[in-house]
Amino acid sequence: MNHESDQDILHQITTLVDEEHTLLQKSHEGELASDQHERMKELEVKLDQCWDLLRQRRARRHAGQNPDEAAVRNESTVEHYLQ
């Protein structure tokens, strides 16, 4: 995800959210396979990483720094943020 524009990251977020919504609908209908449960967990992490990267980029830009120096943080870091 490094060196992507904010628009690229937002597009990726939209794609991930669409997939998440599809899986949530299957879950509500009782049609979610076990591998899809794992995919839901992966999507949560990827979404947290994307949102974190976008926030980093915006903060760097606001501080007069290069937003392209923002980096994707690991799962253990982003999963412990308060939402």
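Every number here is computed from the coordinates shown, using simple stated rules; none is lab data. In this text the structure is predicted, and so the values were computed from the model without any measurement. Positions of Cβ are generated from backbone atoms using ideal geometry, with glycine treated the same way; all protein chains shown enter the neighbour counts.
In debye to the nearest 20, how big a dipole does the chain give about its Cα centre with +1 on each Lys and Arg Cβ and -1 on each Asp and Glu Cβ?
460
Once fully extended, how much extra length lies between residue 42 and residue 14, figured as 0.36 nm per residue of separation less the alpha-carbon to alpha-carbon distance?
Here the segment from residue 42 to residue 14 would lengthen by 8.6 nm.
Could you list the trypsin sites (Lys or Arg not before Pro) in region 27-81 that lie in coil according to DSSP, counting only those with at most 16 other Cβ atoms within 10 Å of their Cβ?
73
Tell me the relative contact order for the chain as a rounded percent, counting alpha carbon contacts under 8 Å between residues six or more apart.
Here the relative contact order equals 36 percent.
For residue 72 and residue 32, calculate 0.36 nm times their separation in residues minus their Cα-Cα distance, and state this gained length in nm to one decimal.
In short, 11.5 nm is gained.
Out of these labelled values of percent of Cα pairs over 22 Å apart, (i) 38; (ii) 55; (iii) 33, which was calculated from the coordinates shown here?
The value matching this structure is (iii).
With angles folded into 0 to 90 degrees, how steeply does helix 6-28 sit against the dominant principal axis of the chain? Use alpha carbons for both and round to 10.
Once rounded, the angle reads 20 degrees.
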